[in-house]
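Working notes, structure below.
The values are calculated or read from the model by the stated rules, or taken from the named source; none is laboratory data. Computed from a predicted model, the values in this text were never measured in an experiment. No Cβ is skipped: glycine too gets one built from the backbone with ideal geometry, and neighbour counts run over all protein chains shown.
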Amino acid sequence: MDEPAVFKHVIDELETRDYQPLVHVPGAHEETYADVLGRCESHQITIGGRYPDVLGFTNSDRVFAVEVKGSGGLLRGIGQALTYQQGAHVSYLAAAEDVVTQHTDLLRSKGVGVIGATESGVTKWSSPPTSESHEQVVDIEGQLSMRLRRSDISGDIASLSLAQPLNYLAPVIAVAQHGPLAGDELVDVLADEYGFGAGKSARQSAVSLGLLHGDARYSLTEQGELAATVLRGSGVSTLQELDSVKSEVGRATVVEEQRPLAILLRNCYERHPEFRLLLDALRKEGPRVYFPDLLRRLVHEYPNVFLNTFCTRSGRTRARELIEDGRTARIYEEEAVWKDIIRTNVLFNFVQQLKHIGILAMETRSHSGAIREYDAEAKPWILRETQ
């Protein structure tokens, strides 16, 4: 029995059990798994550097992961299912019943469940009695929640690329004033009425924060409507008024000069699952956070937040390879490695955003030069005392 047939039967069974599955299929195999991809959304979430074939929530809101095999490759599949225990409450190995049954006792002794399939469908389902490690499960829950349960959050926080987060409120004001706008129309309004040349970035960031939704035309989400109400209550109803506020803030921070708007922005950020996990990591490391130490915690406890938020595209690939090969420590212990992997604007734009919304203290020094010149010891991230 081949793997695509087992995969299809597994999805059938998960739907019967009212599970919420996401699937991972490499691009080269999309045609082979067209039926599965037509029924389930895809994911790019890793556990231990590997992509589970199926990942999602059970009908009791527990994270589950499934490694799918056919009639061969079971020893490799066992290793992968064991790896998935790091980030899932329950991990399964699915394969042809006649071969996977031979490994049932071993799998269950290691806390891995067994799913067996025949040509007629899934005929064996043995849930794991225990699971040995859940060190990354909070990270996985956050990633799944973002994709399965928060339709108004549709981007990662790496897309928040502007240093001044007040700019993310500009699209809200524009749409509140003019009604739904096409993408180019919105960018033009920001240029004409706000004198802002990075309208596309502001628009994408507003989408990532759940303030706007749409494709052909952008409109306000419920959170966007709430933001517009808060802005009006703060005396900011037009883009010109927002520009005046931004000028008043100047070299200070929004939290110092316009606390209600800082609270509004921070609430928007904290609705994003990835940001909440990053904030949790910062608090665990604080009050003085040295960048390599933050990377160490993220890599071990919230690896997907690290990959999605801090890494360049090529750096993400290299980091996954290091994690999968068991050389994770190189990422944070070797300066040349993390400086090659990390996005430069994390050290400047993102730090500035965190200062504006009241996460980092004013005395935190951002880094605007080349990443090779960054001195982590000289520029720690300092948490703001009254958050």
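Per-structure values
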read-out	value
Selection within segment 217-243 - in a loop (DSSP other than H, G, I, E, B) and in contact with a Gly (Cβ under 8 Å, 6 or more places away or on another chain)	Thr221
Positions within segment 207-218 being of a type outside the set (Gly, Ala, Ser) and touching a residue at least 60 places away in the same chain (Cβ under 8 Å), in sequence order	Leu209, His213
When residues of segment 108-125 are limited to those that are small (Gly, Ala, Ser) and surrounded by 15 or more Cβ atoms within 10 Å (Cβ to Cβ), the one farthest from Gln80 (Cα to Cα)	Ala117
Residue list for segment 65-96, filter: polar (S, T, N, Q) and either crowded, with 20+ Cβ neighbours inside 10 Å or in contact with a His (Cβ under 6 Å, 6 or more places away or on another chain) (or both)	Gln80, Thr83, Gln85, Gln86, Ser91
Condition check for Ala319: touching a Pro at 6+ places or on another chain (Cβ under 9 Å) and modelled with pLDDT of 90 or more	yes
Number of positions in segment 191-201 that are in a helix (DSSP H, G or I) and free of Cβ contacts under 8 Å to residues at least 12 places away in the same chain	2
Hey, Asp18 assigned to a loop (DSSP other than H, G, I, E, B), surrounded by fewer than 22 Cβ atoms within 10 Å (Cβ to Cβ) and touching a residue at least 24 places away in the same chain (Cβ under 8 Å) or not	yes
Flag if Leu74 is modelled with pLDDT under 95, in contact with a strand residue (DSSP E or B) (Cβ under 9 Å, 6 or more places away or on another chain) and within 14 Å of Arg108 (Cα to Cα)	no
Failed item, numbered, when Gly38 is tested on (1) buried (at least 18 other Cβ atoms within 10 Å of the Cβ); (2) under 17 Å from Lys8 (Cβ atoms)	(1)
Hits in segment 71-116 (condition: of a type in the set (Ser, Thr, Tyr) and outside any loop (DSSP other than H, G, I, E, B))	Thr83, Tyr84, Ser91, Tyr92, Thr101, Thr104, Ser109
Enumeration of residues in segment 351-387 that are among the β-branched types (Val, Ile, Thr), over 16 Å from Leu294 (Cβ atoms) and in contact (Cβ under 8 Å) with a residue 40 or more places away in the chain	Ile357
Where Leu181 falls short, out of the listed (1) under 20 Å from Ser145 (Cβ atoms); (2) over 21 Å from the mean Cα position of the chain (by Cα); (3) not acidic (Asp, Glu)	(1)
Output for segment 129-168, where each listed residue is modelled with pLDDT under 70, under 20 Å from Ala88 (Cα atoms), of a type outside the set (Ser, Thr, Tyr) and surrounded by 17 or more Cβ atoms within 10 Å (Cβ to Cβ)	Met146, Arg147
Matching residues in segment 260-303 - criterion: being closer than 15 Å to Val351 by Cβ and more than 19 Å from the chain's Cα centre (by Cα)	Glu285, Gly286, Arg288, Val289, Tyr290, Phe291
Checklist (1) part of a helix (DSSP H, G or I); (2) touching a residue at least 40 places away in the same chain (Cβ under 8 Å); (3) within 14 Å of Asn167 (Cβ to Cβ); (4) over 27 Å from the mean Cα position of the chain (by Cα) applied to Gln204, failing item	(4)
Within segment 322-379, tally of residues that are basic (Lys, Arg) and over 22 Å from the mean Cα position of the chain (by Cα)	5
Any hit, segment 328-342, residues being among the small types (Gly, Ala, Ser) and touching a residue at least 60 places away in the same chain (Cβ under 8 Å)	no
Residue in segment 315-326 that is part of a helix (DSSP H, G or I), surrounded by fewer than 21 Cβ atoms within 10 Å (Cβ to Cβ) and of a type in the set (Ser, Thr, Tyr) present	yes
